[in-house]
Each structure stands twice: as structure tokens, then as C-alpha cells.
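To start, the structure under review is shown below, and the notes come after it.
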Amino acid sequence: MKIHWAWSMANGSWLVLNRVANRPLPSLAINHYPSTIALMHHVAALCCVFSLLLLLLGGCNRGDPIVVIQLNPKNPDILYVATNDYIYKTRDGGQTWTNLSRGMSHSRVISMALDPAYPATVYAGTKGDAVFKSHDGGQRWASMRSGLDDATISSVVNQFLFDPTDSNHIFIATTMGVSETKDGGEHWVKKMEGMKEVLMVVTLGMDPTRPAILYAGTSGGVYKTIDEAGHWEKVNNGLVSPDIIKSSRALSVTSVLVDPFEPDTVYASTLTGLYKTIDGGKAWVRIGQSLQDQMLFSMILDRAKKGVIYLGGREGVHRSEDGGETWGTLNTGLATLNIRSLVQSPTDPAVFYAGTNGSGLYRSKNRGETWESVPTALQSQ
């Protein structure tokens with residue numbers, strides 16, 4: 001039904017007329033308004049009802065959950081994001097986006113990485129279909145499974161970690177452990193010696209000055225290797241009690257990062273709080289107890305400022321400038337505080353991106369002091 005307004009020249013009032021399809025307008029006055037003031041009230045009411053119907057029928061466009069963000073290390077205008085369903089790429093800083101998911105399986109993308117030496121080479125880790133690789137910036141994808149057992153292929157690939165001296169040397173963290181490739185994913189080898197009781201590896205961290213030293217964040221705490229994953233040792237002193245390890249309430253480490261200024265200082269974010277060691281994992285202490293929410297999903301160590309830490313979680317973005325002793329909130333401009341992903345630009349340390357679980361992608365050009373929405377308009381086509 002179409003609603004038409006008509007002005008009555010006879011008495012200076014408004015008539016509301018019905019019209020169905022293309023039938024002629026009948027001389028039917030549904031309502032008669034003696035004044036334009038009354039009309040305005042009725043128009044406002046109709047607009048409110050119409051807007052409500054649009055919301056109910058079309059849904060609120062709050063944006064896709066941004067679960068992964070990857071920035072080109074050489075071109076700040078090129079970035080990739082992954083939602084629950086697709087991978088997208090922009091070449092103009094977020095003005096336009098292209099869906100890059102063709103050629104991949106329908107498995108959900110959990111992690112991504114760009115070759116630091118050749119950024120057009122892109123890796124994608126999935127839930128249920130292992131690793132995909134693209135040599136042309138995501139236009140075409142190839143499955144990279146050789147050497148991965150069936151359990152690993154069907155698991156979740158949580159993270160990629162590159163050797164800074166050789167971009168073909170890569171480690172992956174999966175729900176079935178750690179695997180390594182030395183030829184850019186052509187062949188994989190499992191590297192789990194010493195991790196007997198580990199069920200899943202969530203994250204990996206590498207000493208940037210000594211690449212043979214790695215840390216693995218697992219469902220059972222943190223493990224360390226000093227020989228490129230040849231052998232792992234548990235380093236949980238002060239991090240998690242044996243009682244928790246034996247129970248179903250195992251501590252889940254979501255991120256392990258090595259301080260670029262002091263490599264024996266390591267931070268571990270978990271689903272139950274933040275921890276720090278200053279002796280390479282021999283002893284951990286709890287920090288950040290003042291944070292309202294202790295369930296932490298993302299962590300960044302500012303590569304240009306010593307002792308500066310950023311955290312993302314269900315209460316937005318927080319920053320410490322004293323190694324985790326005190327914290328401030330950085331949520332100005334964010335429409336949603338549930339942060340799924342947080343990254344620092346490799347080309348400008350003042351630029352950050354935050355992916356949310358409800359209002360899309362945000363960018364800060366002043367280290368998180370203020371945020372602006374990045375128009376994504378992500379489509380499934």
C-alpha cells in the first residue's frame with residue numbers, strides 16, 4: 001500500500017489518501033487534519049513507525065566482527081581483514097574493499113600473515129582446513145598441507161610466526177601443537193618434543209634478538225625452547241598452579257610477547273589476567289589487577305616506546321606506560337568496546353587498528369587516544 005498526501009485547496013488542510021498498486025485514487029479521506037501543526041505530529045509518528053519497521057525487517061547494520069587484521073609492512077594503504085566468513089583487502093586505506101575468499105574452502109579463517117620480505121605472499125590459517133597460501137596478494141589460493149597429519153589439518157591454525165632472518169622459515173600454533181616449515185609451507189614438520197600434556201597451542205612468541213628462543217602459550221601455560229623448537233620446557237612458575245593444570249579450568253594463554261628492548265622480559269596475556277617475567281620465564285608475577293576485565297584477547301608491545309603495553313578485551317583498549325604497573329583506558333570514538341583484534345602499523349608506530357565484535361574496524365592515528373571508524377562495507381560477493 002502506498003500512502004499519498006494531498007493538500008486540500010478548499011479549506012487549507014491535508015488529506016491522507018490510499019493507493020493500492022496502480023489503481024486510481026479513490027476519494028477516500030482516511031484522516032482529516034485541521035492544521036499543519038497536527039500534521040507534523042502525525043508525520044513524525046509515521047516516520048518513527050516506518051523506521052522501526054525498517055530495523056525489524058532489515059536488521060541493524062553494526063558491521064561484521066573483525067577477527068584478524070594484517071597490515072602490509074611496506075604500504076600503509078594495503079590491509080587485510082578477516083571476518084567470521086570472509087577475507088577482505090583494501091588498497092586505499094579502507095575506502096574500498098575486495099573479497100579475497102574465492103579459491104579457498106568454506107572453513108573459517110582464524111589467522112593471517114604476510115611475508116615480511118615479500119608482502120604479496122599471504123598465508124591464511126583456518127578452522128578445519130589447515131593452511132592456505134597466496135603469491136599474488138590473495139587473488140588465488142593454494143592449500144599447503146604436506147607433512148601435516150589429519151588431526152592437525154582438521155584442527156585450528158591460530159597463528160603464524162616468521163623467522164626474522166628467513167621468511168620461508170615459519171612456525172604455526174595449532175590446536176594440535178606446533179609445526180614448522182623451512183620452505184614457505186611446502187612441507188611441515190611437527191615440533192612437540194617436551195609438550196606431553198599440552199592439548200592446544202594458542203600463540204607463539206619469539207625473541208627478536210635471538211630467534212632460536214621461542215615461547216608457546218598453551219592451554220596448560222607457557223613453554224620455552226632455546227633451539228628453534230627442537231625441545232620445549234615448561235616455564236610455569238608463578239603462572240599457573242598444578243591443581244589448575246589437572247582440572248578442566250586450565251589457564252589459556254592468548255598471547256606471549258617478548259619485550260623488544262629487554263628480551264628476558266616476557267608478557268603473557270590469558271583469559272584470567274596478565275603476567276610478566278623478567279628472567280626469561282623462570283618466574284612469573286601477576287600484573288594489571290586493576291583492570292576491570294581480566295579476560296584478555298589481544299596484546300601489543302609498542303615497538304618504539306619501552307615499557308608501553310596495549311591490551312584489547314571486552315572493556316575496550318587499555319594502555320600501560322610503565323611496564324604494566326598502571327593502566328589507562330583508550331576508548332574515545334569506539335562504538336563497541338568488545339575488541340577482537342588489535343595491531344600497530346609497521347610503517348607508523350602512532351597508527352593502530354582495532355577490530356571489534358559488533359561495529360567493524362577502527363583506526364587511531366595518535367596511539368589510541370582517539371579512534372575513527374573505517375568504512376568497510378564488507379560484502380559477501
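Points to keep in mind about this one:
- Note on the range 103-213: with charges restricted to the Cβ of Lys and Arg (+1) and Asp and Glu (-1), its dipole about the Cα centre is near 240 debye.
- Counted by Cβ distance under 9 Å from PRO263, the other residues give a net charge of -3, where Lys and Arg count +1 and Asp and Glu count -1.
- Cα gyration tensor category, rounded, prolate or oblate, for the range 222-381 with a/c compared to 1.5: prolate
- Extending 7 Å from the Cα toward the beta-carbon at both GLU186 and MET295 defines two label points whose distance is 4.4 nm.
- Label zone at LYS127, where the point sits 7 Å out along the Cα-to-Cβ direction: the range 90-119 residues whose backbone N lies under 20 Å: 100-113
- Net charge, ALA113 excluded, C-beta distance under 13 Å - Lys, Arg +1, Asp, Glu -1: -1
- Farthest positive-ward along the range 62-166 dipole, Cα basis, beta-carbon charges - from VAL68, TYR123, GLY94: GLY94
- Beyond 28 Å in Cα-Cα separation lie the following of the pairs LYS190/LYS305; LYS133/LYS365; LYS127/LYS224: LYS190/LYS305; LYS133/LYS365.
- Legend: Rg and Dmax of the range 166-234, from Cα coordinates, 11.1, 31 Å.
- Principal semi-axes of the equivalent ellipsoid, √(5λ) from the alpha carbon gyration tensor of the range 106-172, are 19, 14, 10 Å from largest down.
- Compared with the alpha-carbon gap, the fully stretched path from GLU233 to ALA335 is longer by 32.5 nm at 0.36 nm per residue.
- Footprinting exposure proxy ranking of LYS306, LYS196, LYS190, fewest other C-beta atoms within 10 angstrom first, gives LYS196, LYS306, LYS190.
- Label positions at LYS306 and ASP85, each projected 7 Å from the Cα along the C-beta direction, are separated by 4.9 nm.
- Peptides 230-236, 314-320 ordered by average Cβ neighbours within 10 Å, highest first: 314-320, 230-236
- The amide H of ASN158, built 1.01 Å from its N in the peptide plane, has ALA173, THR174, THR175 as neighbours under 5 Å, considering only residues 5 or more places off or on other chains.
- Think of each Lys and Arg Cβ as +1 and each Asp and Glu Cβ as -1; about the Cα centre, that makes the dipole of the range 68-374 roughly 540 debye.
- Annotation for ASP322 and GLU369: the two label points, set 7 Å from Cα along the Cα-Cβ direction, are 2.1 nm apart.
- Here the Karplus relation 6.51 cos²θ - 1.76 cosθ + 1.60, evaluated at θ = phi - 60°, turns the backbone of the range 81-92 into coupling constants of 9, 10, 9, 5, 10, 9, 10, 10, 9, 10, 10, 10 Hz, with x for every Gly and Pro.
- With the convex hull drawn over the C-alpha atoms of the range 68-374, the volume per residue is 120 Å³.
Just so you know, all these numbers are worked out from the coordinates, no wet-lab data involved. Everything numeric here is computed off the predicted structure, so don't read it as measured data. Neighbour counts are summed over all protein chains in view; Cβ atoms, including those assigned to glycine, are modelled from backbone coordinates with ideal geometry.
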